[in-house]
Amino acid sequence: MINQPTSRKRPTRRQFLQAAASTLPWLTLSGCGWRLANVSPAAGSQNDGNLLYIYTWSGYTDQDLLDRFEAETGIRAIADVYDSNEAMLARLQAGGGGAYSIIYPSEYMVQKMINMGMLLELEQSRIEGIYRLFSRFQEADYDPGNRHSVPVSWGTTGLIYNTQQVQPPPEDWDYLWVYQQQLARRMTLLNDVREVMGAALKMLGYSYNSTNVEHIQAAYQALMDLKPAIASFTSDAWRPQILSGDLKIAMCYSSDATEIMPENEDLRYVLPESGSSLWIDTLAIPKTAPNIDGAYAWINFMLQPDVAARIVERLSFATPNKAAYNLLPPELKNNASLFPPEEALERCENLEPLEEVEAVYERYWTKLTSS
């Protein structure tokens, strides 16, 4: 099976609370008092209207958030975590997710699950505050009109680099090829077939979601030309390496870059000029949900501006909630790594499910990473 954007796996933006708790003293995140949730696995279905099981990415809920939800609604929420969209889908398909009433699929997985008939069509009259979303998130191509999902966070994919080691500064994906000798063995790309192939496709002037076999082959060949200069394909190990100066540049997600740049004033994040991926995580209700009322209560809770703003401050995810954005301090609102200008976002694409060419992407990815 193709490694569909398990970019959504993103250990550094979703699992850093677990993986780095023993080594990163700044995990209190500005002393805001948030702590990792006590998560519990859901076993079997439950029909208790006062109990809500949530299936989410690690780091998206914590005990403070769950306690506040219970105080406001009287519903006890229990969060279970997954590390990829594919793991979430597999569990629901296998029948092990019958207790979950809220899930957090990413945009391409929303589209896939709609096609599979797995998501409840939302009653818009039961959702309070969807009008607070920026317009681009109210009419997304993957789910027009938010009929099956509500965006909760988003970000981009780009390059983080050390300004003292990388001159001139990168502006687009082609920089990696033009300066590969200077960057040799001091650069990393993500361990993600769609993101890496997408970057090469964009560099060649094609769509991040190309289904043209000749385009995909050309992207593979470009990456093979670049491979001698690549230190590794990794979605998380680049962080300590770029902080220590061992790496000059790394392909990464904007939330990870925003999280780590305060640790080194020489680090910068750039969204490539030709465009990149714009990833979105959402809230959705599976058709098997036993507590639909509780699920709507959670969606409405997460649409509250102060709740959404606190999550931005804590985890460095961009919010699709305009009212929440307006509550943010100026240093966050004006952070172009977190909130790129609209003209830059217009050149970005949401990742789409590409079932018809999955095998093609997978074949080239295997050859690229194993040769």
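Based on protein heavy atoms only, the chain ends up with 39 Å² per residue of surface accessible to a 1.4 Å probe. Considering only the Cα atoms of segment 261-371, their convex hull presents on average a projected area of 11.4 nm². Seen against the Cα atoms of the chain and their longest principal axis, helix 193-203 is set at about 50 degrees. First compute the accessible area of the chain with a 1.4 Å probe, then give the percent of it belonging to carbon and sulfur atoms. Carbon with sulfur: 47 percent of the solvent-accessible area.
Here the extension length gained between Ile127 and Asp64 equals 20.4 nm, from 0.36 nm per residue of separation less the Cα-Cα distance.
Summed over qualifying helices (DSSP H, 4 residues or more, each -39500 (n - 2.57)) and divided by its residue number, the chain shows a 222 nm mean residue ellipticity of -9500 deg cm²/dmol. With 0.36 nm allotted per residue and the present C-alpha distance subtracted, the Asn115-Glu343 stretch has 79.0 nm of extension available. Considering every alpha-carbon pair of the chain, the percent of pairs per 20 Å bin, from zero through the bin containing the longest distance, is 30, 59, 12, 0. Computed from label points 7 Å out along Cα-Cβ, the spacing between Ser135 and Lys227 is 4.6 nm. Subtracting the Cα-Cα distance of Glu72 and Lys333 from 0.36 nm times their residue separation leaves 91.2 nm of extension gain. Apply the Kirkwood formula to segment 98-158: the hydrodynamic radius equals the inverse of the mean of 1/r over all pairs of different alpha-carbon atoms; give it in Å with one decimal. Its Kirkwood hydrodynamic radius stands at 12.6 Å. Rounded to the nearest 20, the Cβ-based charge dipole of segment 260-351 about its Cα centre (Lys and Arg +1, Asp and Glu -1) stands at 360 debye. Per-residue 3J(HN,Hα) values for segment 292-297, derived from phi via the Karplus relation 6.51 cos²θ - 1.76 cosθ + 1.60 with θ = phi - 60°, read 5, 4, x, 5, 5, 4 Hz in sequence order (x marks Gly and Pro).
So, R0 is 51 Å and r is the distance between the beta-carbons of Asp48 and Gln217; what FRET efficiency does that work out to, to 0.05? For R0 = 51 Å, the calculated efficiency reads 0.45. Springs between Cα atoms under 10 Å define the GNM used for the chain, and in it the highest mean-square fluctuation of Tyr108, Tyr361, Tyr131 occurs at Tyr131.
Annotation: segment 198-341 has a Kirkwood hydrodynamic radius of 18.2 angstrom, from the mean reciprocal C-alpha pair distance. Label positions at Gln167 and Asn326, each projected 7 Å from the Cα along the C-beta direction, are separated by 4.5 nm.
Beyond 32 Å in Cα-Cα separation lie the following of the pairs Lys112/Lys248; Lys248/Lys333; Lys202/Lys248; Lys202/Lys287: Lys112/Lys248; Lys202/Lys287.
The values are calculated or read from the model by the stated rules, or taken from the named source; none is laboratory data. Quick caveat: nothing in here was measured; it's all calculated off a predicted structure. A quick note on method: Cβ atoms are made from the backbone with ideal geometry, for glycine too, and the neighbour counts reach across all protein chains shown. Protein only, heavy atoms only, side chains kept; ligands, DNA and RNA dropped before computing areas. Shrake-Rupley method; radii C 1.70, N 1.55, O 1.52, S 1.80 Å.
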